[in-house]
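The values are calculated or read from the model by the stated rules, or taken from the named source; none is laboratory data. Given the structure is predicted, the values throughout are model-derived calculations rather than measurements. All Cβ positions, glycine included, derive from the backbone under ideal geometry; neighbour counts span all protein chains shown. Surface accessibility is based on the protein's heavy atoms, side chains included, excluding ligands, DNA and RNA. Shrake-Rupley method; radii C 1.70, N 1.55, O 1.52, S 1.80 Å.
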Amino acid sequence: MIDVEGVRAGFGAINILWDVSVSARKGELTTIIGPNGAGKTTLLRAIMGLIPLEKGSVRLDGKVLDGTPTWKMPELGMVMIPEGRMIFKDMTIEENLMLGAFSKGHRAGSRRQCDRAYEMFPRLGERRGKLAGTLSGGEAQMLAMSRGLMSDPDVLLIDEPSLGLAPVVVNELFETLARLKSEGRTIILVEQSTHRAVGVADHVYLMQSGKVVLSQRAGDVDMEHLHDLYFAH
Ligand code: ATP
């Protein structure tokens with residue numbers, strides 16, 4: 001369970017998040033949607049400790065995270081799969097995967113986790129020795145997800161995974177998200193693909209200009225109302 005309470009954060013003198021409160025229940029998929037620049041990525045970065053909090057708190061299973069260094073987050077069971085995938089193109093697929101098991105506690109199980117990734121995404125297994133730069137956009141996203149899964153996290157923060165992917169590949173991606181949820185993982189998904197995100201989610205937050213303007217169970221969302229709010233600016 002993630003609890004973000006009254007978080008204010010930004011970049012130096014520029015404040016981006018204005019008293020944002022968001023919760024993600026254990027084993028649920030929580031989506032955060034909103035237009036460009038609404039602060040969705042900044043919120044994920046604040047949760048991961050990549051930017052300091054001006055105000056408010058972030059808790060993981062009740063434990064306050066403020067001040068915890070980002071590199072410790074996988075040991076606490078939380079990883080972020082960043083927007084843009086951040087794949088190292090000059091390294092092989094397997095080398096990219098191994099980077100996801102960098103901490104001492106995760107190195108021992110890395111071979112098993114690699115094999116698990118290849119089983120989930122056979123295409124990565126077939127190409128394990130090839131440079132990651134040779135992958136298509138969809139395959140690169142699968143690699144980014146698999147790298148995040150190397151530490152077998154309970155909590156995944158996933159930032160705009162569908163960006164730039166063809167519709168058929170996006171379908172596969174959302175099947176993967178549903179599978180990760182069915183494994184009992186807690187997921188916070190930032191998306192611009194509103195329909196699909198609401199379709200797979202348990203809870204929906206809409207952000208506008210650094211604030212949460214809607215918080216609803218996915219089953220209660222009225223898509224028309226959501227769109228009106230989305231385009232209100
Ligand atoms: P997108 O869909 O474009 O990623 P977003 O909702 O994730 O949008 P953020 O990336 O969180 O939005 O950006 C929120 C605001 O913060 C934007 O106005 C952006 O220009 C600004 N911003 C982002 N990164 C920085 C930075 N490193 N320094 C200063 N301002 C930044």
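Between the residues 158, 180, 143, the greatest Cα displacement towards the positive end of the dipole of region 101-211, with unit charges on the Cβ of Lys, Arg, Asp and Glu, is found for 143. Of the beta bridges in the chain, as assigned by DSSP with both residues counted there, near 55 percent are antiparallel. What a 1.4 Å probe finds exposed on region 110-233 is 50% carbon and sulfur by accessible area, rounded to a whole percent. The distance separating the Cα centre of region 45-88 from that of region 90-136 comes to 23 Å. Rounded to the nearest whole Hz, the Karplus-based 3J(HN,Hα) values (6.51 cos²θ - 1.76 cosθ + 1.60, θ = phi - 60°) of region 118-135 follow the sequence 5, 6, 6, 10, x, 4, 5, x, 4, 10, 3, x, 8, 5, 5, x, 8, 7, with x at glycine and proline. Sorting 202, 115 on solvent-accessible area from highest to lowest, probe radius 1.4 Å, gives 115, 202. Using a probe of 1.4 angstrom and keeping all protein chains present, the accessible surface of region 42-86 works out to 48 square angstrom per residue.
What share of the DSSP beta bridges in region 139-224 is antiparallel, in percent to the nearest 5? If you can, show how the numbers build up before the last one.
On the way: 6 of 11 bridges.
Taking every DSSP beta bridge within region 139-224, about 55 percent pair in antiparallel fashion.
Label sites at residue 21 and residue 134, each approximated as a point 7 angstrom past Cα along Cα to Cβ, lie 5.3 nm apart. When peptides 142-153, 213-224 are sorted by average Cβ neighbour count within 10 Å, with the highest value leading, the order is 142-153, 213-224. The accessible-area ordering, largest first, of the residues 99, 189 stands as 99, 189, per a 1.4 angstrom probe.
Using a 1.4 angstrom probe with every protein chain in place, what is the largest-first accessible-area order of 227, 195?
195, 227
3J(HN,Hα) couplings calculated from phi for region 8-25 with the Karplus curve 6.51 cos²θ - 1.76 cosθ + 1.60 (θ = phi - 60°) are, in sequence order, 10, 7, x, 10, x, 6, 8, 8, 10, 9, 10, 6, 7, 10, 8, 10, 10, 6 Hz; Gly and Pro show x. What percentage of the solvent-accessible surface of region 1-76, computed with a 1.4 Å probe over protein heavy atoms, is contributed by carbon and sulfur atoms? Roughly 54 percent of what the probe reaches on region 1-76 is carbon or sulfur.
Grab the beta carbon distance between residue 112 and residue 171, set R0 = 41 Å, and tell me the FRET efficiency rounded to 0.05.
Efficiency computed from Cβ-Cβ geometry: 0.90.
To the nearest 10, the accessible area of residue 225 is 90 Å² with a 1.4 Å probe. A 1.4 Å probe run over the protein chains yields, for region 127-174, 35 Å² of accessible area per residue, whole-number rounding.
Based on DSSP H segments of at least four residues, each scored -39500 (n - 2.57), the chain has a per-residue ellipticity at 222 nm of -9500 deg cm²/dmol.
Give me the percent relative contact order of the chain, please, defined on Cα pairs under 8 angstrom at least 6 residues apart.
On the way: 443 pairs, mean separation 67.3, N = 233.
Taking the mean separation of contacting Cα pairs over the length of the chain, I get 29 percent.
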